[in-house]
Amino acid sequence: MFNFFSKTVVRAGILLIFGSHCFAAAPESSVVFDSNVPKDIQAQMLNDLTFMAELQGSNQTAFHKQIFGDFSGNSYKNFFETRVRKIGMNACGGGNAVACVIPFLASNKMFLTNNFVKFSHPQIARMMVVYHEARHTESQQGNWAHDTCPTPFLDEQGHDKKSIWTGAILEGEAACDSTAFGSYGSSTILLKNVTKFCANCSDKVKMDADIYAIDQLGRINRDDVKKSMIADFNGNK
Amino acid sequence: METNNLKTWLILGFGGFLLGGLLFYSSLGHHGEDKTVLKETSLTTQHSLASKKENSQDSDATDLNRNSELTPSSKTSQTAQSLTATKSVSALSADDHKKWEVLQEILASQNDNDPRLDKTFKGMSDDLHLILQEQYLEIPAENRNQRGLLAFLIARDLKNTEDLDFLKKIYEESPCLSLENCNSRTSSDPHLSGVDEASMNYPQLASLYQLEKQLNDNPGIFADSSMKDHAMAVIEQALKFPVASVQRKAAEIQARF
Ligand SMILES: [Zn+2]
């Protein structure tokens, strides 16, 4: 439970000691960066948030409407800024994380890691992680805490869902959702809508959204929920 | 359950206070490592278009693997800026040269939604295709998005069997083992490990997605049996790439076409 922040708690002490001075970001965004957020990370984050705020869609699915509203940059900007007001730095548990939220430390704050600019992720993948984390700020929903992945947790071919290279094994981990409306589900819905309806996305962004939606959808551990999501993407419920 | 969590947070939070200074010190040490890595970036090997043309397919394939193995561990957005124009770039036509400069801007900006990607890079010349293939080799393996972008541009604009041979070689590469350093494994938090995995295999996945799109939307390109054979050879090679998500996509395409 609360796996998304529990591993970060020790390093969080750094922020309590050093992270008290803040200054405002660019006027177009209402988020405020801690003074220790490196300039290149701030610039990348603001560029990425602008990218999201400029998206325009021709339509949206019902689940998208329910979670984000209409497909528009304004909806995405509003979604993010009503959940995240401050951005700080944290190791987020170490490893490869690029962002996290730590609700018991600050309910409306997102933390970025150096990996946000160091690792080479496509832009929509970075933003998918940021929106996934933003969903975790919703304390009235128990922060959409993840569900435990089933044991065994198999893919369509009957193989264990685990990483060959990183050794990250999913079975038994709090790395799944049993609802379409949690962080994995909402990320999938966002990405699938970008692929299907984005009117001003490049071919690359639409392709990337499709590529990165696969894993997020694969984290839904209930077949009926997954089916309802696929029906939503296909335009029927 | 909630009370237990609260206790855990309080205990760990107090621990965080005590360890904060120590960890802050250790994080300074990491900055030092990053600087060293950046210095090494400038050592990236340059290949000229002329020498690439002279190479046999086999030695190209060897080059690609060697590049993946020997490329210095850099994965910063500065890589595109650090690349210098090779002889072959200076030999481009004025129009192609302008396009090449636009591409360098986009690569450095990290803006995947630059509208010029769709306006400027369709119907490219053969020379520009070769330059993009050359630049793919120059970019450090860890720059997955940049490498993937170049592969994507070529796969979206397939012109000849050389393009398909280039794509095939992407599946002959050693798989990238981590975003930190393609040559060594690191542990990954299961929470968002799928994102890491997709990025590690991004050039391979992007090429397959585009090849699928071409086979579906532009079957005329493959009316020439040689083009079709080369496309199928790409898929065959992708089936051998030792990563399940890549194999899955390749099998899906093979079943369709
Ligand atoms: Zn999560």
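Out of A:ASN236, A:ASN200, I need the residue that is modelled with pLDDT under 95 and more than 18 Å from the chain's Cα centre (by Cα). Which one?
Exactly one residue qualifies, and that residue is A:ASN236.
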Could you tell me whether A:GLU171 is within 25 Å of A:CYS92 (Cβ to Cβ), more than 15 Å from the ligand (Cβ to nearest atom) and either part of a helix (DSSP H, G or I) or out of contact with any strand residue (DSSP E or B) (no Cβ under 6 Å at 6 or more places or on another chain) (or both)? yes
Counting only residues that are of a type outside the set (Gly, Ala, Ser), open to solvent by 10 Å² or more (accessible area, probe 1.4 Å) and more than 13 Å from the ligand (Cβ to nearest atom), which one in the range A:118-140 is nearest to A:THR82 (Cα to Cα)? A:GLN140
Residue among B:LEU205, B:LEU239, B:LEU215, B:LEU192 that is of a type in the set (A, V, I, L, M, F, W, C) and at pLDDT below 95: B:LEU192
If we take the range A:1-99, then helices (runs of 4 or more DSSP H) inside it with 1 or more residues that are closer than 26 Å to A:GLY185 by Cβ, open to solvent by less than 20 Å² (accessible area, probe 1.4 Å) and modelled with pLDDT under 95 are A:3-6
Residues being within 22 Å of B:SER199 (Cβ to Cβ) and within 11 Å of the ligand (Cβ to nearest atom) - total across the range A:146-160: 1
List the helices (runs of 4 or more DSSP H) inside the range B:153-241, counting only whole elements, that have at least 1 residues being free of Cβ contacts under 8 Å to residues at least 12 places away in the same chain and either touching a Ser or Thr at 6+ places or on another chain (Cβ under 6 Å) or open to solvent by 30 Å² or more (accessible area, probe 1.4 Å) (or both). B:193-200, B:202-217, B:225-240
Looking at (1) away from the ligand (no atom under 14 Å from the Cβ); (2) open to solvent by 10 Å² or more (accessible area, probe 1.4 Å); (3) more than 10 Å from every other protein chain (Cβ to nearest Cβ); (4) assigned to a helix (DSSP H, G or I), which one does A:ASN143 not meet, given that it meets all the others? (1)
Check on B:VAL246, among the hydrophobic types (A, V, I, L, M, F, W, C), within 16 Å of the ligand (Cβ to nearest atom), buried (at least 20 other Cβ atoms within 10 Å of the Cβ) and in a helix (DSSP H, G or I): no
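The values are calculated or read from the model by the stated rules, or taken from the named source; none is laboratory data. All figures in this text were calculated on a predicted structure; none of them were measured in a lab. Cβ coordinates were reconstructed from backbone atoms using ideal geometry, including for glycine residues, and neighbour counts include every protein chain displayed. The area values use the complete protein model at the heavy-atom level, side chains included, leaving out ligands, DNA and RNA. Shrake-Rupley method; radii C 1.70, N 1.55, O 1.52, S 1.80 Å.
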